[in-house]
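Coordinate-derived values only; no laboratory data. Since this is a predicted model, take the numbers as computed values, not measurements. As a convention, Cβ positions derive from the backbone with ideal geometry for all residues, glycine included, and neighbour counts pool all protein chains shown.
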Amino acid sequence: MGRLKTAKQMERHLKGISNHYRIEILLLIANNKDITLVGIVEGLKANKKTIGEHTRRLYQAGLINKKYHGNYVQHNLSPYGKKFVAFLKSLRNLN
């Protein structure tokens, strides 16, 4: 079994999802592998700078990965991002 995460490490992940745009971005990435920033902006109908900042924070929190291809950046969920998406989906289904 791996090492347990410290409270500080868990806080970093939780702060990473503490915004409705970030939650929407995680859910969108979960359904659209390798989505670009433009794809996220179009999918959420939001401002490019706003979404850029939120994807940066998700990346810093270790919840998404970025893959650079020329002028484009593809976004995917990290292993922790996948766990958080499963958690978010379970919350969504509670009565």
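Miscellaneous remarks
- Distance-filtered residues of segment 8-32 - backbone nitrogen under 17 Å, label point 7 angstrom along Lys89 Cα→Cβ: 23-32
- For Lys45, the aspartates and glutamates whose Cα falls under 17 Å of its own Cα, not counting residues fewer than eight places away in the same chain, are Glu24, Glu53.
- The aspartates and glutamates whose alpha-carbon is closer than 14 Å to the alpha-carbon of Lys67, local same-chain residues fewer than 8 away aside, are Asp34.
- Potential extension, Glu53-His20 segment - 0.36 nm per residue separation minus Cα distance: 10.6 nm
- Summing +1 for each Lys or Arg and -1 for each Asp or Glu among the other residues whose beta-carbon sits under 13 angstrom from that of Val73 gives +3.
- Listed residue pairs exceeding 30 Å between alpha carbons, taken from Lys15/Lys66; Lys5/Lys48; Lys48/Lys82: Lys5/Lys48
- The convex hull of the Cα atoms of segment 41-95, projected and averaged over all directions, covers 4.7 nm².
- The chain: angle of helix 7-16 to the longest principal axis, Cα-based, in degrees nearest 10: 30 degrees
- Between helix 20-31 and the chain: long-axis angle, C-alpha atoms, 0 to 90°, nearest 10: 80 degrees
- Rg and Dmax, both from the Cα atoms of segment 1-81 and both in Å, are 12.9, 42.
- All other residues whose Cβ lies under 14 angstrom from that of Leu44 are scored, Lys and Arg at +1 and Asp and Glu at -1, for a net of +1.
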